[in-house]
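Q: Pasting in a structure now, in structure tokens, and then I'll have a few things to ask.
Throughout, read-outs are computed from the coordinates displayed, never taken from laboratory work. Predicted model only: the values in this text are computed from it and were never measured. Cβ sites come from the backbone with ideal geometry, for glycine too, and all protein chains shown count toward neighbours.
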Amino acid sequence: MLKLFKQFVSKLKNICFSITCCNCGKIVDTEGLCLECWKKIKWISDPKCRICGAPFEIDVDALCFQCIKKKPHFDQAISVFEYDNFSKGIILKFKHRDVTHICRQLVAWLWRASQDIIKDYDIIVPVPIHFLKRLKRKYNQSELLAKKLETLSGITYEPRILRKEKQTQQQEGLSRNARLKNVKGSFGINPKYANLLRDKNVILVDDVLTTGATANECSRNLKKYGAKKVTILTIARVSV
Ligand SMILES: [Zn+2]
Ligand SMILES: [Zn+2]
């Protein structure tokens, strides 16, 4: 009887405290993804564009066509994996539910992807959302990531500097040029905290880098108020 009870308690423990795959929910031994999901993710590694991080097919240390055509305002963009039909599931899960569990893992990946450079940075700034959108959604996922990254890196999290001042149309479905136009002038710097930017190196955190229009507009503002270097850190990046 005691043995049966012990077995029951052990099973219950497994159910309550089991670690699950961030994507498919299968029980795993260590936090992250199960082997099948791990294999399907397109992890970003070298060779890639020195500025925007676009993966290259051949081993060259160079800039991509877009960065040569128009150098972005940010100095570098680092992403963990490519955004495709498979990895989209993880991002959507993070956006809509299961926030705490997924967030912990995503930040662990962000930390790993940036740990060679992050020590040279002074502040971590999340890409802000308009306050009306925040009211509706209740939280900003970039803030969650940035705040947790502060805990891992020891670098100050500063959400007050950058503001989304104008509500914009959803970027999804817009062309590259339309996206640039859509975000132009929609971000601003809070004058109360502008002095915190002078000569600082900034890590700007977002969930997905699409055309880089948002990242670029935020970086333009940060640099206008004295930021020395801006690096974009995102979970996923859309390949161009
Ligand atoms: Zn899985
Ligand atoms: Zn590039």
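Q: Suppose each label sits 7 Å from its Cα in the direction of the beta carbon; what would the Lys26-Glu172 distance come out to in nanometres?
A: Roughly 2.7 nm, to one decimal.
Q: Go ahead and run the numbers for FRET between Arg220 and Leu152, Cβ-Cβ distance against an R0 of 22 Å, rounding to 0.05. All intermediate terms of the calculation are to be shown ahead of the outcome.
A: On the way: r = 28 Å, r/R0 = 1.27.
Efficiency, rounded to the nearest 0.05: 0.20.
Q: Give me a comma-separated list of calculated 3J(HN,Hα) values for the stretch 140-150, in order, Karplus coefficients 6.51, -1.76, 1.60 applied at θ = phi - 60°, integers in Hz, x for any Gly or Pro.
A: 10, 4, 5, 5, 4, 5, 5, 5, 5, 5, 4
Q: Which of rounded, prolate or oblate describes the stretch 42-238 when judged by the alpha-carbon gyration tensor and an a/c cut-off of 1.5? All intermediate terms of the calculation are to be shown ahead of the outcome.
A: Working: a/c = 1.18, a/b = 1.09, b/c = 1.08.
In terms of gyration-tensor shape, rounded.
Q: While we're looking at this one, here's another question. Ranked highest first by average number of other Cβ atoms within 10 Å, how do 106-119, 49-62, 163-176, 199-212 line up? Could you put the intermediate results ahead of the total?
A: Details: 106-119: 17.3, 49-62: 15.1, 163-176: 13.4, 199-212: 21.9.
Sorting 106-119, 49-62, 163-176, 199-212 by mean packing, highest first, produces 199-212, 106-119, 49-62, 163-176.
Q: List, in order, the whole-Hz ³J(HN,Hα) value for each residue of the stretch 30-36 obtained from phi through the Karplus relation with A = 6.51, B = -1.76, C = 1.60 and θ = phi - 60°; use x for Gly and Pro.
A: For the stretch 30-36, the Karplus curve yields 10, 4, x, 10, 6, 4, 5 Hz.
Q: Same structure again: How big is the dipole moment of the chain about its Cα centre under a simple scheme where the beta carbon of each Lys and Arg is +1, that of each Asp and Glu is -1, and everything else is neutral? Debye, nearest 20, please.
A: Numbers: 44 positive and 23 negative charges, 200 e Å.
Around 960 debye, computed over the chain.
Q: Now a separate question. If you average the C-alpha positions of the stretch 69-100 and of the stretch 143-182 separately, how far apart do those two centres end up, in angstrom?
A: Comparing the Cα centres of the stretch 69-100 and the stretch 143-182, I get a distance of 12 Å.
Q: On to the next question. In what order do Leu4, Leu233, Leu145 fall by count of nearby beta-carbon atoms within 10 Å, going from fewest to most? It would help to have the intermediate numbers written out before the result.
A: Numbers: Leu4 8, Leu233 28, Leu145 23.
Going from least to most buried by this count: Leu4, Leu145, Leu233.
Q: Taking a ≥ b ≥ c as the square roots of the eigenvalues of the Cα gyration tensor of the stretch 28-159, is the shape rounded (a/c under 1.5), prolate (a/b larger than b/c) or oblate?
A: Values: a/c = 1.55, a/b = 1.20, b/c = 1.30.
It is oblate, given that a/c is not under 1.5 and a/b is not larger than b/c.
Q: A further question follows. Could you list Thr214, Thr151 in order of exposure, starting from the residue whose Cβ has the fewest other Cβ atoms within 10 Å? Intermediate results must be reported in sequence, preceding the final value.
A: Numbers: Thr214 24, Thr151 11.
Ranked by crowding around the Cβ, least crowded first: Thr151, Thr214.
Q: Can you tell me the relative contact order of the chain? Whole percent, Cα pairs under 8 Å, sequence separation 6 or more. Walk me through the numbers on the way to the answer.
A: Values: 394 pairs, mean separation 50.2, N = 240.
Worked out over the chain, it gives 21 percent.
Q: If each residue's Cβ is checked for other Cβ atoms within 10 Å, how do Arg179, Arg198, Arg134 rank with the fewest at the top?
A: Values: Arg179 22, Arg198 10, Arg134 14.
The fewest-first ordering by Cβ neighbours comes to Arg198, Arg134, Arg179.
Q: Per DSSP H run of n ≥ 4, the term is -39500 (n - 2.57); total these for the chain, divide by its residue number, and report the mean residue ellipticity at 222 nm rounded to 500 deg cm²/dmol. It would help to have the intermediate numbers written out before the result.
A: Working: 9 runs with 92 residues, N = 240.
Calculated mean residue ellipticity at 222 nm is -11500 deg cm²/dmol.
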